[in-house]
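See structure below.
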Amino acid sequence: SQQGEEDPQALSIQEGENATMNCSYKTSINNLQWYRQNSGRGLVHLILIRSNEREKHSGRLRVTLDTSKKSSSLLITASRAADTASYFCATEGGSEKLVFGKGTKLTVNP
Amino acid sequence: SAVISQKPSRDICQRGTSLTIQCQVDSQVTMMFWYRQQPGQSLTLIATANQGSEATYESGFVIDKFPISRPNLTFSTLTVSNMSPEDSSIYLCSGELGGTDTQYFGPGTRLTVL
């Protein structure tokens, strides 16, 4: 069954604005990962945050993790049209297997 | 990181036939997995491909329908057997580099069953 639940399901913003996507999960995790998927193609790994970490940065990406609330957020700053994609969170609970959320479809308008 | 390729990238098949999808990794990964992504949906894990032994299937997936092979550390195949239109999906393989916890994904195989 799906563990992660992203919200919003869809987000439309203007280029230059920030985009925030949230992910909630149900059980304990070892790590949480964010992926991007362009138009039904393969997934691109964006960032991994471990259960003992609270925040991580990679370029224009900022991920936070709150294990007490079982939630994570992905912030994309200064968005570009090329950021238009679906974004998925995935949790790993110790079995090496990933459980994916339903995803957020981001549209960045030029 | 790991670079993963899949063949074919897409196919259109007739009901009742089978299709074998190949997954090749450019480095030796400890774990390989197969996922299904139905239209407009998220990814669902089909099975873990174990090197030299039978794959480990998730609930709702069986070996007769989705036989998997993994003869070495860098290659795996997934067969979708006796296909029906409900099998129309994107099938993705992934590999995890040992010690990184990070899974890298192939570009996917888009399957349409008529």
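Any residue at all in the stretch B:6-14 that is over 23 Å from A:Gln33 (Cα atoms), touching a strand residue (DSSP E or B) at 6+ places or on another chain (Cβ under 9 Å), crowded, with 21+ Cβ neighbours inside 10 Å and among the polar types (S, T, N, Q)? Spell out the reasoning first.
Restricting attention to the stretch B:6-14, the residues satisfying the condition of being over 23 Å from A:Gln33 (Cα atoms) are B:7-14.
Subset that is touching a strand residue (DSSP E or B) at 6+ places or on another chain (Cβ under 9 Å): B:7-14.
If we keep only those that are crowded, with 21+ Cβ neighbours inside 10 Å as well, we get none.
No, the conditions are met nowhere in the stretch B:6-14.
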Extreme residue, modelled with the highest pLDDT, among residues of the stretch A:32-44 that are over 14 Å from A:Gly101 (Cα atoms) and within 9 Å of chain B (Cβ to nearest Cβ): A:Val44
Of the residues A:Leu48, A:Leu74, which single one is surrounded by 13 or more Cβ atoms within 10 Å (Cβ to Cβ), of a type in the set (A, V, I, L, M, F, W, C) and more than 14 Å from every other protein chain (Cβ to nearest Cβ)? A:Leu74
Here are A:Arg80, A:Arg54, A:Arg36, A:Arg41: which of them is touching an Asp or Glu at 6+ places or on another chain (Cβ under 7 Å) and over 25 Å from B:Thr56 (Cβ atoms)? A:Arg80
Can you give me the number of residues within the stretch A:78-95 that are closer than 18 Å to A:Asn18 by Cβ, surrounded by fewer than 14 Cβ atoms within 10 Å (Cβ to Cβ) and out of contact with any Gly (no Cβ under 9 Å at 6 or more places or on another chain)? 2
Is it true that B:Ser53 is out of contact with any strand residue (DSSP E or B) (no Cβ under 7 Å at 6 or more places or on another chain) and either without any contact (Cβ under 8 Å) to a residue 12 or more places away in the chain or hydrophobic (A, V, I, L, M, F, W, C) (or both)? yes
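Among the residues of the stretch B:28-44, is there at least one that is outside any strand (DSSP E or B), surrounded by fewer than 20 Cβ atoms within 10 Å (Cβ to Cβ) and more than 13 Å from chain A (Cβ to nearest Cβ)?
Here is the first cut: in the stretch B:28-44, the residues outside any strand (DSSP E or B) are B:28-30, B:38-42.
Next cut, surrounded by fewer than 20 Cβ atoms within 10 Å (Cβ to Cβ) only: B:28, B:30, B:38-41.
Filter once more, so that each one left must be more than 13 Å from chain A (Cβ to nearest Cβ): B:28.
Within the stretch B:28-44, one or more residues are outside any strand (DSSP E or B), surrounded by fewer than 20 Cβ atoms within 10 Å (Cβ to Cβ) and more than 13 Å from chain A (Cβ to nearest Cβ).
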Among the residues of the stretch B:82-101 satisfying the criterion of being touching a residue at least 60 places away in the same chain (Cβ under 8 Å) and surrounded by 16 or more Cβ atoms within 10 Å (Cβ to Cβ), which is farthest from the other protein chains (Cβ to nearest Cβ)? B:Met83
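The values are calculated or read from the model by the stated rules, or taken from the named source; none is laboratory data. All values derive from a computational prediction rather than experimental measurement. Counting neighbours? That spans all protein chains shown, and the Cβs are built from the backbone with ideal geometry, glycine included.
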